[in-house]
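For reference, the structure is listed below as structure tokens.
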Amino acid sequence: MTTDPRDELVEHLGPLRAFALSLCRNSATADDLVQEALIKAWTNIDKFEPGSNMRAWLFTILRNTYYSLHRKRKREVEDVDGAYADTLSQKPDHDGRLAMRDFGAAFDQLNDEQREALVLVGAGGFSYEEAAETCGVAVGTIKSRVNRGRARLAELMAVEDPDDIELTDSVTVGIVSAQNMA
């Protein structure tokens, strides 16, 4: 009757841990290393040749695992507070398209006068005076239409503070942004 080599794995835990500790000099890392080596040994037990030296096989797996981990860590950048990772993140491209689609649907619901005032002042860069002259109305009327149009857009898009809206299109930002309408 042949014995299952998996039964022998437990016998080598102490020496494996001592070897791992000598390699990495950190008990938590040594425990992780032993665990990783045992997982590899367990999943590749079919590659172990019965009758050969189980301890040597396990030590080789542990050693190779340690050096692979060591090489990997050399290439990694330590970023404890996440500052470096934050510089690498990028909003998905589709967010801008979705926001633009929502904006377009909301913009279409405004009345003609509000849309006209927002396009002239926000997107066109006209001053209130120039927009008022173009539309043939008083400056106060243009200011009112712009303000009401912005408020309605914010309501339709469920935006509490229109200055916080993230849009990728500069024309849309111009229409919604309060700074461009002062």
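I need the shape label for segment 1-68. Rule: rounded when a/c is under 1.5, else prolate if a/b > b/c, else oblate, with a, b, c from the alpha carbon gyration tensor. It comes out prolate by the Cα gyration axes. Loop-resident trypsin sites (Lys or Arg not before Pro) (DSSP state other than H, G, I, E or B) in segment 1-50 with no more than 16 further Cβ atoms inside 10 Å of their Cβ: Arg25. Placing pseudo-labels 7 Å out from each Cα toward the beta carbon at Ser68 and Ser27 gives an inter-label distance of 2.7 nm. Prolate is the label for segment 99-142, because the ratio a/c of its alpha-carbon gyration tensor axes (a ≥ b ≥ c) is 1.5 or higher and a/b is greater than b/c. If you take all other residues with their beta carbon under 14 Å from the beta carbon of Asp46, and give Lys and Arg +1 and Asp and Glu -1, the sum is +1. A DSSP coil position with no more than 13 other Cβ atoms inside 10 Å describes none of the GluC sites (Glu not before Pro) in segment 1-61. For a modelled paramagnetic label at Arg55, 7 Å from Cα along Cα-to-Cβ, the residues of segment 10-29 in reach, with backbone nitrogen under 15 Å, are 10-20. Each label point was placed 7 Å from the Cα along the Cα-to-Cβ direction; for Asp4 and Ala105 their separation is 5.7 nm. Per residue, the average separation of C-alpha pairs within less than 8 Å and at least 6 apart gives segment 1-159 a relative contact order of 16 percent. Put Leu118, Leu69 in order of accessible area, highest first, and with a 1.4 Å probe you get Leu69, Leu118. A 1.4 Å probe run over the protein chains yields, for segment 1-93, 75 Å² of accessible area per residue, whole-number rounding.
The values are calculated or read from the model by the stated rules, or taken from the named source; none is laboratory data. Every value quoted in this text rests on a predicted model; they were computed, and no experiment measured them. Positions of Cβ are generated from backbone atoms using ideal geometry, with glycine treated the same way; all protein chains shown enter the neighbour counts. What goes into the accessible areas is simple: the full protein's heavy atoms, side chains included, and nothing from ligands, DNA or RNA. Shrake-Rupley method; radii C 1.70, N 1.55, O 1.52, S 1.80 Å.
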